[in-house]
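A short worksheet on the structure shown next.
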Amino acid sequence: MKGRTFIITGPSGVGKGTIIQELFARQPHLYFSVSATTRGPRPGEENGVHYHFISREQFDQWVREDAFLEHAEYVGNCYGTPKKFVDEAMDRGEDAILDIEVQGAQQVHQKRPDAVRIFIAPPSWTELEHRLTGRGTESAEKVRSRLARAKEEFRFAADYDYIVINNTVEEAAEEIRAIIRAEHCRPAQRMPQLMETL
Ligand code: 5GP
């Protein structure tokens, strides 16, 4: 069976990275789509693991070559999902996890309506502010832009297929795991398998 695409969106600072790590610890046969970005690496981020850190020129070149499944600008930097690796993973039967923001999610939804969209929300707005400020990796101005952007993103949450609230990392990861399992039980997934046995 071909793998499926799961889009995970959530405002900056909501804890997506930690939740995704926990998800991979629980369910190893997933493929994490490593995005390309023009932003510089944060401490601890590795090229090719967290992102492909590339120049603006290289990014524009990939856009021209149609190498991205989707791409978008986020608070002054460009981000994009390399199409080839996602498709190869799905052909191997692995589910692909895309950690992308709302504009990218809309693009993927238009191109591939069967992609499942999951929105991760913080338990409260104050909590999000705390987490974003406490991270200490961005300037006060960048934090403000990210908070403003987060407020805009909330408006899109209702269009997603699922909303997961990050009360605890364990619960959130478990809910995503449950969503992935349930999506594999849909008739469109199960019927072809059953038909083969007739
Ligand atoms: P950060 O700079 O905090 O790593 O990411 C900023 C935002 O960009 C996050 O919301 C993240 O989900 C999103 N993002 C990361 N990679 C991609 C991508 O390939 N495409 C799009 N559209 N958004 C991305």
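The values are calculated or read from the model by the stated rules, or taken from the named source; none is laboratory data. Because the structure is predicted, anything quoted here is derived from the model rather than measured. Cβ sites come from the backbone with ideal geometry, for glycine too, and all protein chains shown count toward neighbours. Side chains are part of the model used for accessible areas, which takes the heavy atoms of the whole protein and leaves out ligands, DNA and RNA. Shrake-Rupley method; radii C 1.70, N 1.55, O 1.52, S 1.80 Å.
Between Glu46 and Ala148, what FRET efficiency comes out of the Förster formula 1/(1 + (r/R0)^6) with R0 = 25 Å and r the beta carbon distance, rounded to 0.05?
FRET efficiency, Ala148 to Glu46: 0.30.
I'd like to compare 166-173, 49-56: which one has the highest average count of other Cβ atoms within 10 Å, and what's the full order after that?
Highest to lowest by the protection proxy: 166-173, 49-56.
Starting from the Cα of Thr168, step 7 Å along the direction of its Cβ; do the same at Thr126; then give the gap between the two resulting points in nm.
Simple spin-label model gives 2.2 nm for this pair.
For every helix of n ≥ 4 consecutive DSSP H residues, a contribution of -39,500 (n - 2.57) applies; sum these over the chain, divide by its total residues, and give [θ] at 222 nm rounded to the nearest 500 deg cm²/dmol.
Dividing the helical sum by the residues of the chain leaves -14000 deg cm²/dmol.
Provide the gained length on full extension for the span Ile179 to Gln61, in nm with one decimal, where the gain is 0.36 nm per separating residue minus the Cα-Cα distance.
38.9 nm
When only DSSP loop residues count, what trypsin sites (Lys or Arg not before Pro) in the stretch 59-102 have their Cβ near at most 15 other Cβ atoms within 10 Å?
Arg92
Explain nothing, just the number: dipole magnitude of the chain about its Cα centre with +1 on each Lys and Arg Cβ and -1 on each Asp and Glu Cβ, in debye rounded to the nearest 20.
140
Per residue, how many Å² of accessible area does the stretch 5-197 show with a 1.4 Å probe?
Using a 1.4 Å probe on heavy atoms only, each residue of the stretch 5-197 averages 52 Å².
Keeping every protein chain in place, order Glu196, Glu138, Glu73, Glu153 by accessible area at 1.4 Å, biggest value first, i.e. largest first.
Descending accessible area places them as Glu196, Glu73, Glu138, Glu153.
Can you work out ³J(HN,Hα) from phi for every residue in the stretch 167-176, in order, using Karplus 6.51 cos²θ - 1.76 cosθ + 1.60 and θ = phi - 60°, giving whole Hz and x for Gly and Pro?
After applying 6.51 cos²θ - 1.76 cosθ + 1.60, I find 6, 10, 4, 4, 4, 5, 5, 5, 5, 5 Hz.
Using 0.36 nm per residue of separation minus the Cα-Cα distance, give me the extension gain between Ala158 and Lys2 in nm, one decimal.
Extending this stretch completely gives an extra 53.4 nm.
Got the relative contact order for the stretch 1-114 handy, in percent, Cα pairs under 8 Å and 6 or more residues apart?
Reported as a whole number, the value is 41 percent.
Please list, in chain and number order, the residues 5+ apart from Thr5 or on another chain whose amide H is under 5 Å from its amide H, with Hs placed from the backbone.
Ala96, Val116
For a quick check of your reading of the filter: which trypsin sites (Lys or Arg not before Pro) in the stretch 122-198 sit in a DSSP loop and have no more than 10 other Cβ atoms within 10 Å?
Arg155
Pairs of alpha-carbon atoms within less than 8 angstrom and 6+ residues apart define the contacts here; what relative contact order does the chain have, in percent?
32
At 7 Å along Cα-to-Cβ for each site, give me the label-to-label distance between Asp91 and Arg186 in nm.
Placing both labels 7 Å along Cα→Cβ, they lie 2.3 nm apart.
Can you tell me the Rg and Dmax of the stretch 5-197, counting just the alpha carbons, in angstroms?
Just the Cα atoms of the stretch 5-197 yield Rg and Dmax of 16.9, 60 Å.
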